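The values are calculated or read from the model by the stated rules, or taken from the named source; none is laboratory data. Being a predicted model, the structure only gives us computed values, none of them experimental. As a convention, Cβ positions derive from the backbone with ideal geometry for all residues, glycine included, and neighbour counts pool all protein chains shown.
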Amino acid sequence: NKGEVKGYSIKYGNIVDSSNEVIDEVLVSFFIAPKSYTGEDMIEFQCHGGAKVARSVLDLLLAQPECRLAEPGEFTFRAFVNGKMDLVQSEAVAELIESDNEMAMKIASRQLDGLLSRLFKDLREKLIFCLSECESRLDFPEENLDWDEELPEKIAGAVQQVRKLLDSAGRGEILRNGVKTVIAGKPNAGKSSLLNFLLGYERAIVTDIAGTTRDSLEESVVIRDIPVRLIDTAGLRENAGEIEKIGIERSYKYLDEAQVVFWMLDASAGDAADLLEYKSVHNKVIAVWNKCDLLEKNAVLPELPVKTVKISVLHGDGLEELCDAFEEAVWGMDERGNEAEFAVNARHATLLKEVEGLLGEAIINCMGHEFELAAVQLQLAVRNLGFITGETADVDILGEIFSRFCIGK
Ligand code: GDP
């Protein structure tokens, strides 16, 4: 009976079946609306561990006519509908659960806390202000007394904000999907040795998330807090055994798709012809002279047109420099990913790109005193931001977002 329990309270009791047999001793937590995750009345059963006990309790509950299993994402969907969180925060719940590295977890956690939502909200308010300025010029075309003459500059300021958000999309993509990294090089250069070193570095938690198919040749590791999808080209070679051509085509495909390539070179042979031949991928290659322990003291290696590190996997030399080079290749020189506070996802980025285009046109129209057109563009931009935060609901978007959740959240 609802009147008998207080919110945020826990009661102890037995779960019994239809013949009054005790299935388990449980603790039941009560949350009374609106102070719960979903904003509705909620109870949570805490039973003993082990699959069998939990299953029996669940089966007993599901046998009740008014009970059913939650749909994937249903709890968060209800929280969204009841105004407990916006769409950006709802997405953060899924991202927090899926996160497999510290940085992704921190960013998702800040997003859940509302940091990214506030940035979108701020932007939206700015645009609504610009829109009202535009409309006032339409309503009172002759009385240009209180008009803000800086309107195009104001919109340009909003464009800067949009760009800053868009700049974080690459970081988001990396944190969510990992950096596709290939270890290439001739047989015997030390590819497997490097792979084994990196696998021992920090093994990533491999999550089985619907929609993110991982390649069977792929290993997941975390290097310097960056999730990495490492393509094992030794595996490629094995696969190439039977149908050589397919194997080679796959190698090309992996090199093309890679975001970073460790190109292993045998320093004792001093030959980098294979790397030089693959000009098309030089922009993402880190040349790795391996087996430097075999070099004479003053030996000089050929200069290469790409970032180069010298290591000896066997002796563990130069591996920190290798990780430095990798980190730099991923985040670039100026933007250190680990200082990042937020990262928009692909959905946000698509909508933001449209906003950027619309605002660009609005600026031109404002400058040409075409305020009617500018107002339409600003309205569309505001609407797009509404799609991001969920203020403007779209059933298809909602279905797509919440179906990606795991059951029970
Ligand atoms: P892969 O064919 O490119 O995968 O090369 P491997 O990792 O299997 O290494 C080939 C051989 O080189 C093995 O015998 C390794 O022990 C040896 N090797 C790998 N790294 C080093 C190194 O840094 N120094 C020396 N001296 N030998 C190495």
query: Are any of the residues in segment 77-91 over 30 Å from Ser18 (Cα atoms), in contact with a Leu (Cβ under 6 Å, 6 or more places away or on another chain) and touching a residue at least 60 places away in the same chain (Cβ under 8 Å)?
result: yes
- prompt: In segment 166-219, how many are surrounded by 15 or more Cβ atoms within 10 Å (Cβ to Cβ), assigned to a strand (DSSP E or B), of a type outside the set (Asp, Glu) and at pLDDT below 85?
  reply: 0
message: Just checking, does segment 240-251 include any residue being surrounded by 15 or more Cβ atoms within 10 Å (Cβ to Cβ), at pLDDT below 90, over 30 Å from Phe405 (Cα atoms) and in contact with a Gly (Cβ under 6 Å, 6 or more places away or on another chain)?
response: yes
task: Output the residues belonging to segment 259-306 that are of a type in the set (D, E, K, R) and either touching an Asp or Glu at 6+ places or on another chain (Cβ under 8 Å) or within 15 Å of Gly190 (Cα to Cα) (or both).
output: Asp266, Asp271, Asp274, Lys291, Asp293
Lone qualifier among Leu378, Leu358, Leu373 - being surrounded by fewer than 21 Cβ atoms within 10 Å (Cβ to Cβ), among the hydrophobic types (A, V, I, L, M, F, W, C) and more than 22 Å from the chain's Cα centre (by Cα): Leu373
message: Scan segment 8-29 and tell me whether some residue there is closer than 30 Å to Gly399 by Cα, more than 37 Å from the chain's Cα centre (by Cα) and not aliphatic (A, V, I, L, M).
response: no
- request: Just name the residue that is surrounded by the fewest Cβ atoms within 10 Å (Cβ to Cβ) out of those in segment 4-41 that are closer than 18 Å to Leu58 by Cβ and polar (S, T, N, Q).
  value: Ser18
